[in-house]
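Since the structure comes first, as structure tokens, the remarks are kept for the end.
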Amino acid sequence: MKPPRWKSLVVVYLLGVLAMYATVCWNTRRLIAAGLPDFAIYYCAGAVVRQGLGHQLYDAGARFQVQQQFATNVPLFRGPLPWTHPPFETLFFAPFSSFSYLTAYALWNVFNLILVGLVLWLMSPHLAELRARGPALWLLAIAFFPVFFNLLEGQDGIVLLFLYAAAYVFLKKDRDAAAGAFLAVGLFKFHLILPFVLLLLLQKRWKILYGFVPVSILAVMSSIAIAGIRALWAYPRYVFYWEDVLAATDRVPAGMPNLRGLMYVFLPDWRYGPAVVLLFSIAIFVFAAWRCRLANSSTSFDLSFSLALLATVLVSYHVVSYDLSVLLIPIFLLANHLLKEQSPHQRSAVVIACGIALLFLSPLHLLLSLQYKEYALMGFILLFWMYGIAEAPLVRGQD
């Protein structure tokens, strides 16, 4: 089949995916208007802080009173929605909470679409092969299921995607302190930041600490100013409490495409499960650190960055479908790598290409996440993809 026809088929498929997403949005429009999406959690937390009740941010009763102001028609919201994020993240949402819920939801998604555009703008100079193929980047970005689901739920994964894109650009330019500052802003999902930062430090990129440490301190101080030192001290216990509650009632780990999720799906009651997950996480982390240390060129940096980010997702304690929005960066980098690869049929290239194709198989995402509630099975695809990246030559001249 001629390349132009392949391109046409890809465009038709992506347009079909977008049409499917539009259908999902239309069918859920009443639920969105009623306040069912996850955005209600962020909107509620932002409203609590905007109303000067930051010291009650983790008080269920105070949040429930605010929640009742905009989500009284949702039967599922019979109790307070959990807020398991650090206090400083409420600063993102407090301005939006000054609008009505539905208006705030729409504005937040407009803001997220702007961030997606900024991600493309930041990454574009480093994606010469993809850029030469035309404006398909926009279709790729919006057609990626985690990005769509992030928009549907009004989640914060696209913010993390933007911060990682900025960090990539600054790391590529050897401006490590600036990269560290952007990564520190992402500590509202610290479990998806700290492993990556540690992998950078193991590559002896110590200068990231010049930006990471000051901004981290600023985030902690902001959290104390918002909620108080006692709330911050009790925060870890509060998070683990809700992890246990949601695991027992909603089987939340079954929706995590990481090592923890896979273990929960196949051996949910095995007493040694957490220990096995920890051992496998350490093994993957050490392997990723070893492979990343081999990078010695611009091309291998793209591969090592992708490998480090994928390893971070797999070993993270908590990651769900919309969190995979960050994988749009390795998708772009690896697709660009394959397009300029001189040996596209070697094993690593085939595995990487298959991984990208499977990640863009939106019906599979929909079935695993919404129909079967077993999104953790996507973890197998991530492991498969990680194998392909690790098999690719990371050292210039390596066979």
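Before moving on, here are some points about what is shown:
- Matching option when the condition is more than 25 Å from Met256 (Cβ to Cβ), surrounded by fewer than 24 Cβ atoms within 10 Å (Cβ to Cβ), of a type outside the set (Val, Ile, Thr) and over 16 Å from the mean Cα position of the chain (by Cα), among Ala335, Ala283, Ala289: Ala335
- Exclusive hit being closer than 17 Å to Leu15 by Cα and either without any contact (Cβ under 8 Å) to a residue 40 or more places away in the chain or in contact with a Gly (Cβ under 9 Å, 6 or more places away or on another chain) (or both), set Ala179, Ala141: Ala141
- Any chance Leu364 is closer than 26 Å to Leu122 by Cα and at pLDDT 90 or above: no
- Ala234 satisfies every condition listed in (1) surrounded by 13 or more Cβ atoms within 10 Å (Cβ to Cβ); (2) of a type in the set (Gly, Ala, Ser); (3) closer than 30 Å to Ala165 by Cα; (4) at pLDDT below 85 except (3).
- Taking helices (runs of 4 or more DSSP H) as the structural unit, those lying wholly within region 1-55 and holding at least 2 residues that are surrounded by 18 or more Cβ atoms within 10 Å (Cβ to Cβ), in contact with a Ser or Thr (Cβ under 6 Å, 6 or more places away or on another chain) and modelled with pLDDT of 80 or more correspond to 39-50.
- Per this entry, Pro330 is not counted among residues that are surrounded by fewer than 21 Cβ atoms within 10 Å (Cβ to Cβ) and out of contact with any strand residue (DSSP E or B) (no Cβ under 8 Å at 6 or more places or on another chain).
- Among the residues of this structure, Tyr238 counts as one that is farther than 29 Å from Leu310 by Cβ and within 25 Å of the chain's Cα centre (by Cα).
- Looking across Arg260, Arg271, one residue alone is charged (D, E, K, R) and touching a Pro at 6+ places or on another chain (Cβ under 8 Å). It is Arg260.
- As for region 272-279, it holds at least one residue that is under 24 Å from Leu200 (Cβ atoms), touching a residue at least 12 places away in the same chain (Cβ under 8 Å) and either in contact with a helix residue (DSSP H, G or I) (Cβ under 6 Å, 6 or more places away or on another chain) or surrounded by fewer than 18 Cβ atoms within 10 Å (Cβ to Cβ) (or both).
- The test for being in contact with a Gly (Cβ under 9 Å, 6 or more places away or on another chain), in a helix (DSSP H, G or I) and at pLDDT 90 or above holds for Phe384.
Residues checked against (1) surrounded by fewer than 16 Cβ atoms within 10 Å (Cβ to Cβ); (2) in contact with a Phe, Trp or Tyr (Cβ under 9 Å, 6 or more places away or on another chain); (3) farther than 14 Å from Tyr322 by Cα; (4) modelled with pLDDT under 90:
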{"site": "Phe111", "(1), (2), (3), (4)": "yes, yes, yes, no"}
{"site": "Leu118", "(1), (2), (3), (4)": "yes, yes, yes, no"}
{"site": "Pro125", "(1), (2), (3), (4)": "yes, no, yes, no"}
{"site": "Ala128", "(1), (2), (3), (4)": "yes, no, yes, yes"}
{"site": "Gly134", "(1), (2), (3), (4)": "yes, no, yes, yes"}
{"site": "Trp138", "(1), (2), (3), (4)": "yes, no, yes, yes"}
{"site": "Gln155", "(1), (2), (3), (4)": "no, yes, no, no"}
{"site": "Leu160", "(1), (2), (3), (4)": "no, yes, no, no"}
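- Pairs where the first residue, in region 373-386, is of a type in the set (Ser, Thr, Tyr) and the second is crowded, with 23+ Cβ neighbours inside 10 Å, C-beta under 7 Å, 6+ apart: Tyr375/Pro257; Tyr375/Ser321
- Cβ-Cβ under 7 Å pairs, at least 6 apart or on other chains, region 111-132 side free of Cβ contacts under 8 Å to residues at least 40 places away in the same chain, far side in a helix (DSSP H, G or I) and surrounded by 16 or more Cβ atoms within 10 Å (Cβ to Cβ): Leu120/Leu137; Leu120/Ala141; Ser124/Arg131
- Selection of region 239-268 for residues being modelled with pLDDT of 80 or more and either more than 23 Å from Phe380 (Cβ to Cβ) or exposed (fewer than 15 other Cβ atoms within 10 Å of the Cβ) (or both) yields Val239, Phe266, Leu267, Pro268.
The values are calculated or read from the model by the stated rules, or taken from the named source; none is laboratory data. Because the structure is predicted, anything quoted here is derived from the model rather than measured. Cβ coordinates were reconstructed from backbone atoms using ideal geometry, including for glycine residues, and neighbour counts include every protein chain displayed.
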